[in-house]
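*Asks:* Can you read through this structure? Questions will come right after.
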Amino acid sequence: MDAEKRNDLKRKETLEAIEKLCLLDDNLMTLVFDRNIEATELLLNVILQRNDLKVLEVVGQREYKNPMSGGRSITIDIYAVDGDGKVYDVEVQRASAGADVHRARFHSSMIDTKMLKAKQDFKEIHDSYVIFITASDVMGAGLSLYHINRVIEETGVCFNDGSHIIYVNGSYKDDNDPVGKLMHDFRCVNSVDMFYPELAKQVKYFKETEGGQEIMCQVFEDLAEKRAEEARIEEKKAFALRMIARGKLTVEEIAEDADLPIEVVRDLAGLQLA
């Protein structure tokens, strides 16, 4: 098979994959909401059961780097800020494991680290909302929404520290309820079946128009390249770990042979010694 036929086959396979996407797939969801004030306002107003929330900024795939050497960073599916300065992190998770409660805690803490500048008072920190939209009912009570807020155990009074975590049950079904309609739209693969036009028009663009499909195809290509690069880095780390275990080379020599930054090899050596 020549290169042109391989490319045609690859594109056909990609377009077939795009046809099956819904908003519970973060690649599509991120594109639909990225810099889309209208759709993001709809999403947050429905989940927070409001009708007056105004979004000032929304960005898809915003990265939060961990300042600690070797520390884990995060990439937020949707980052939004409203008119009151409150910050929203919206994540879509198909697998229940991806919505582990400890992950929600970590996301909340990472967002908090970016809230204050040097010498700002702690009371100036804005409220934050970490929202997980999950394909299944990970909390298991059959509800549409689960709100997690800190309380004082002895009194039952809300702690009011401004940190909020919300789980949205993506399997919830009720076409007479705004959350039920929203989750219906998140499960839809066809824009014509969706309730909310703010979402339907964007889904239609990315899945059914030539321009939108080109963007989606590029996303798939970039994702494949990213995964290939991650696999190469893991292979290099595995090689470095074997060299560290032998104990015959210096960290500098291993870094050069493995084609890794010396800081990465030092971290690997530290982990192995620990």
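The values are calculated or read from the model by the stated rules, or taken from the named source; none is laboratory data. Model, not experiment: these values are computed from the prediction. All Cβ positions, even for glycine, are placed from backbone atoms using ideal geometry, and neighbour counts span all protein chains on display. Calculation scope for accessible area: heavy atoms of the full protein, side chains included, ligands and nucleic acids excluded. Shrake-Rupley method; radii C 1.70, N 1.55, O 1.52, S 1.80 Å.
*Asks:* Using Cα-Cα distances under 8 Å and only pairs 6 or more residues apart, what relative contact order does the chain have, in percent?
*Replies:* That works out to 15 percent.
*Asks:* Tell me the chymotrypsin sites (Phe, Trp or Tyr not before Pro) within the range 76-171 that lie in a loop according to DSSP and have at most 13 other beta-carbon atoms within 10 Å.
*Replies:* Values: sites: Y79, Y88, F106, F122, Y129, F132, Y146, F159, Y167; in loops: F159.
Here the chymotrypsin sites (Phe, Trp or Tyr not before Pro) that fit, given the DSSP loop and packing criteria, are F159.
*Asks:* Can you give me the accessible area per residue for the range 194-250, using a 1.4 Å probe, in Å²?
*Replies:* Using a 1.4 Å probe on heavy atoms only, each residue of the range 194-250 averages 66 Å².
*Asks:* Another one. R0 = 45 Å: FRET efficiency of D2 with R246, Cβ-based, nearest 0.05? Mind showing how you got there, number by number?
*Replies:* Values: r = 46 Å, r/R0 = 1.01.
Computed FRET efficiency for D2 and R246: 0.50.
*Asks:* Per DSSP H run of n ≥ 4, the term is -39500 (n - 2.57); total these for the chain, divide by its residue number, and report the mean residue ellipticity at 222 nm rounded to 500 deg cm²/dmol.
*Replies:* Helix contribution divided over all residues of the chain: -15000 deg cm²/dmol.
*Asks:* Connecting C-alpha atoms closer than 10 Å in a GNM of the chain, tell me which of V138, V264, V59 has the biggest fluctuation.
*Replies:* Looking only at V138, V264, V59, the largest GNM fluctuation is found for V264.
*Asks:* Return the subset of K86/K204; K20/K65; K5/K207; K12/K204; K86/K117 for which the Cα-Cα distance in this structure is over 21 Å, preserving the input order.
*Replies:* Distance filter (> 21 Å) returns K86/K204; K20/K65; K5/K207.
*Asks:* Then there is this: So how far, in whole Å, is the C-alpha centre of the range 68-113 from the one of the range 220-268?
*Replies:* Cα centroid of the range 68-113 versus Cα centroid of the range 220-268: 27 Å apart.
*Asks:* Run through the range 60-110 and list the trypsin sites (Lys or Arg not before Pro) located in a DSSP loop whose Cβ has at most 16 other Cβ atoms within 10 Å.
*Replies:* Here the sparse-neighbourhood loop sites are K65, R72, R94.
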